[in-house]
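Report on the following structure.
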Amino acid sequence: MRRLGLVVAVVGLLGLAACGSDSKKETTSSSGGQASEISLRAGVNDPSDVTIAVLAYLPQAITVGQGTTVSWTIAGPEPHSVTFLPPGQTMPSPESAEGQKLFAPTPPTGSYDGKSLVNSGLVPLGPQAAPPFKVKFDTAGSYKFACVIHPQMTGTVTVVATGTKADTQADVQTRGDTEMNQWLTEGRAAKKAMTDKAPAKTANADGTTTWTIEMGASTAHTDILAFAPVPAAIKAKDKVVFVNNSSAPHTASFAGKQSLPQNPTDPAVNAPKPGASPQTLNATDFINTGLLPPNAAAPGQTPPPLAARSFTFTVPATGQYAYVCLLHVTSGMAGVINVA
Ligand SMILES: [Cu+2]
């Protein structure tokens, strides 16, 4: 490989010295067309509505020259990974033990050649910002990567020979913005549909009402991290059912007068408290649904049934019962049950 590089360099020099028009082309493409470092974004939240999370690498595909370092920045509060799997391996479900192993990083040892696992791990886990994840590419080829918790998030790095036209940082920024705006439009429409519809409700024989609040919504390229629609006329002794029809796991967690778990990996996040559905709310205790699974199926499996994605609370008395999703609180996923 070293010798090949030397040959290319010598031919380049000869070209420069000998033939005018060819040498100009060489110079333009090698100096202007290839950057030593290219950075791109992994996920972003809508700057005008933090509850809309774009689940995409921006842009999805980049072309770089040999020797380029690619740098991914987790640009929003939602965690993502940049995971290059070894040849022949497919991305395991994030709920599986295999998937959860990929939450931990496997940093590159030298430049990446497509033959091994290289993985940022899941970052950030919690409110801290994550440093960019960097991989250097010396070998021409096409390398696919994906996010361990968002199977729809995939990308490609194409590495071309030195001197071949590659993306500039400006190209990457422009294409990233174009793709981002497309997915923001998709997400904003889904958010509007979710919040604009009338809350689902059923009348009970005892004169109370059971209201349904949806936990998030998902499109092909976004997660809407909101509880909606908001019922306006809840009365004491009514019931509220939280239902997860989205592609992400969520909780509905009431702090009461306690403090909430801060880290998404805290086992308390996934523990229904004080126990399984149904429960009665109060103004004092920490009350938690635990993680309600997404309405999505692992390969070869069926999605969890509605009952497994639902949790029912009775609201005993007038007052305000504030709640959050413990996984998505940094994306503004929160609500209040107002009981008149
Ligand atoms: Cu959530």
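Each reported figure results from applying straightforward, stated rules to the coordinates on display, with no laboratory input. Predicted model, so just to flag it, every value in this text is computed and none were measured. Glycine gets a Cβ as well: all are built from the backbone with ideal geometry, and neighbour counts include every protein chain shown.
Okay, here's what the table says:
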{"read-out": "The chain, relative contact order in percent, only Cα pairs under 8 angstrom and at least six apart counted", "value": "16"}
{"read-out": "Across 192/237; 101/192; 237/257; 191/273; 144/191; 197/235, pairs whose alpha-carbon gap is larger than 27 Å", "value": "192/237; 101/192; 191/273; 144/191"}
{"read-out": "Cα-projected label distance for residue 96 with residue 36, points at 7 Å along beta-carbon direction, nm", "value": "4.2"}
{"read-out": "Those lysines that a straight Cα-Cα span of less than 16 Å connects to residue 239, excepting residues fewer than 8 apart in one chain", "value": "201"}
{"read-out": "Nearest 10 degrees, 0 to 90: helix 2-18 Cα axis against the chain principal axis", "value": "60"}
{"read-out": "Cα gyration tensor category, rounded, prolate or oblate, for region 255-337 with a/c compared to 1.5", "value": "prolate"}
{"read-out": "Cα-based shape type of region 32-190, given that a ≥ b ≥ c are square roots of the gyration tensor eigenvalues and the cut on a/c is 1.5", "value": "oblate"}
{"read-out": "Local electrostatic count at residue 89 - Lys and Arg +1, Asp and Glu -1, tallied over other residues with Cβ under 13 Å", "value": "+2"}
{"read-out": "Cα shape, the chain, gyration tensor, a/c 1.5 rule", "value": "prolate"}
{"read-out": "Length gained when the stretch residue 285-residue 220 is fully extended (0.36 nm per residue, less Cα-Cα span)", "value": "19.7 nm"}
{"read-out": "Spin-label model distance (nm) - residue 182 vs residue 152, 7 Å beyond Cα toward Cβ", "value": "1.4"}
{"read-out": "Top of 319, 207, 155 by mean-square fluctuation, Gaussian network on the chain, Cα under 10 Å", "value": "207"}
{"read-out": "Label-zone membership for region 192-218, site residue 340, 7 angstrom Cα→C-beta point, backbone N under 15 Å", "value": "199, 209"}
{"read-out": "Inter-site label distance for residue 236 and residue 273 at 7 Å from Cα along Cβ, in nm", "value": "2.7"}
{"read-out": "MRE, 222 nm, helices only [DSSP H, n ≥ 4, -39500 (n - 2.57), over the chain, to nearest 500]", "value": "-5500 deg cm²/dmol"}
{"read-out": "Residue among 131, 102, 147 farthest towards the positive dipole end of the chain, charges placed on Cβ", "value": "102"}
{"read-out": "Difference of contour (0.36 nm per residue) and Cα-Cα distance, residue 298 to residue 161", "value": "45.5 nm"}
{"read-out": "Fully extended contour minus Cα-Cα distance, from residue 189 to residue 48, at 0.36 nm per residue", "value": "49.4 nm"}
